[in-house]
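Right, one structure below, let's go through it.
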Amino acid sequence: MNELNQRRLVAIGELLIDFSGDRPGAIATVEAFVRHPGGAPANVAVQFAKLGGAAKLVTKLGTDGFGDYLMSVMKDNRVDVSSIARTDAAHTGLAFVALAEDGERDFVFYRHPSSDMLLDQADVKPSDFRTGDLLHFCSVDLVDAPVKSAHDKALALALANHMTISFDPNLRFALWPDREQLK
């Protein structure tokens with residue numbers, strides 16, 4: 001049995017819809033967008049599962065059709081969805097992404113707030129954090145919202161359980177009102 005099959009990955013953070021431009025160009029010039037599942041922590045969980053590991057995602061989705069679609073995608077990719085909460089208080093997050101001619105990405109986020117930002121400490125279950133497992137998270141959901149306290153709790157539980165912790169800075173400056181706060 002390889003190490004992936006012995007340790008479980010717990011990813012916490014955003015699961016959202018990326019609407020990608022159908023051709024290169026700025027957001028203002030793209031005529032059509034195509035729906036894709038997105039969110040860096042969710043992408044890591046899916047890839048870990050595709051490599052044969054056990055992966056769980058801790059997040060919150062809206063009770064909208066986008067949330068239903070993302071739940072289906074996670075299940076289809078063998079990601080444990082038992083710690084994905086649902087809410088009527090906000091819609092599932094959306095990001096529009098255009099790829100410029102020079103390869104740079106241009107983002108417009110719809111998260112004011114989005115459902116993942118409403119994940120709070122009560123949604124983080126101590127039973128999800130087992131000794132020896134892996135925790136992965138990104139900077140996107142460290143904004144000053146309930147989700148930041150959920151991450152604080154997850155990190156405390158991971159440290160208490162001697163989990164390996166992985167952090168992806170995944171800098172999206174447009175999501176931070178103050179770059180000093182981001183630092």
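Only one of these is among the acidic types (D, E), at pLDDT 85 or above and over 25 Å from A49 (Cα atoms): D88, D168, D123, D116. Name it. Break it down stepwise before answering.
On the way: D168 fails: over 25 Å from A49 (Cα atoms); D123 fails: over 25 Å from A49 (Cα atoms); D116 fails: over 25 Å from A49 (Cα atoms).
Only one candidate qualifies: D88.
Sort through G21, G103 and tell me the only one that's at pLDDT below 95 and at positive phi.
Being at pLDDT below 95 and at positive phi holds for just one of G21, G103, which is G103.
What residue, of T164, T92, is of a type in the set (S, T, Y) and more than 24 Å from D64 (Cβ to Cβ)? Don't jump to the end; show me each part of the working.
Details: T92 fails: more than 24 Å from D64 (Cβ to Cβ).
From the options T164, T92, the qualifying one is T164.
With the requirement that a residue be open to solvent by less than 70 Å² (accessible area, probe 1.4 Å) and within 24 Å of T92 (Cβ to Cβ), what does the range 21-33 give you?
Once the filter is applied, which keeps residues that are open to solvent by less than 70 Å² (accessible area, probe 1.4 Å) and within 24 Å of T92 (Cβ to Cβ), the range 21-33 yields G21, I27, V30, A32, F33.
Based on what the data block shows, is R8 on the phi > 0 side of the Ramachandran plot and surrounded by fewer than 22 Cβ atoms within 10 Å (Cβ to Cβ)?
No.
Residue under question is A160, and the condition is that it be over 18 Å from the mean Cα position of the chain (by Cα), within 27 Å of A54 (Cβ to Cβ) and either modelled with pLDDT under 90 or open to solvent by 60 Å² or more (accessible area, probe 1.4 Å) (or both); does it hold?
yes
Would you list the strands (runs of 3 or more DSSP E) that sit entirely within the range 1-56 and hold 1 or more residues that are within 19 Å of I84 (Cβ to Cβ) and of a type in the set (K, R)?
The qualifying strands (runs of 3 or more DSSP E) are 8-12, 33-38.
Looking at the range 94-144, which of the residues that are without any contact (Cβ under 8 Å) to a residue 24 or more places away in the chain and part of a loop (DSSP other than H, G, I, E, B) is most open to solvent (accessible area, probe 1.4 Å)?
H112
Within the range 62-83, is there a residue that is within 20 Å of K148 (Cβ to Cβ), not acidic (D, E) and not in a loop (DSSP other than H, G, I, E, B)? Outline the logic, then answer.
In the first step, residues of the range 62-83 are kept if they are within 20 Å of K148 (Cβ to Cβ); the result is 62, 83.
Those still in the list that are not acidic (D, E) too: 62, 83.
Add one more test, that the residue is not in a loop (DSSP other than H, G, I, E, B), and what stays is 62.
Taking every residue of the range 62-83 in turn, at least one turns out to be within 20 Å of K148 (Cβ to Cβ), not acidic (D, E) and not in a loop (DSSP other than H, G, I, E, B).
Can you name the condition, by its number, that L155 falls short on among (1) at pLDDT 95 or above; (2) farther than 18 Å from D120 by Cβ?
Among (1) at pLDDT 95 or above; (2) farther than 18 Å from D120 by Cβ, the lone unmet condition for L155 is (2).
When only residues in the range 34-47 that are farther than 19 Å from R8 by Cβ and of a type outside the set (G, A, S) count, which is least open to solvent (accessible area, probe 1.4 Å)?
P37
With respect to the numbered conditions (1) closer than 30 Å to D102 by Cα; (2) free of Cβ contacts under 8 Å to residues at least 60 places away in the same chain, which one is the sole condition not fulfilled by I27?
In the conditions (1) closer than 30 Å to D102 by Cα; (2) free of Cβ contacts under 8 Å to residues at least 60 places away in the same chain, I27 misses (2) alone.
The values are calculated or read from the model by the stated rules, or taken from the named source; none is laboratory data. These numbers come from a predicted model, not from an experiment. Cβ atoms come from the backbone with ideal geometry, glycine included; neighbour counts cover every protein chain shown. Areas reflect the complete protein model, heavy atoms only, side chains present, ligands, DNA and RNA absent. Shrake-Rupley method; radii C 1.70, N 1.55, O 1.52, S 1.80 Å.
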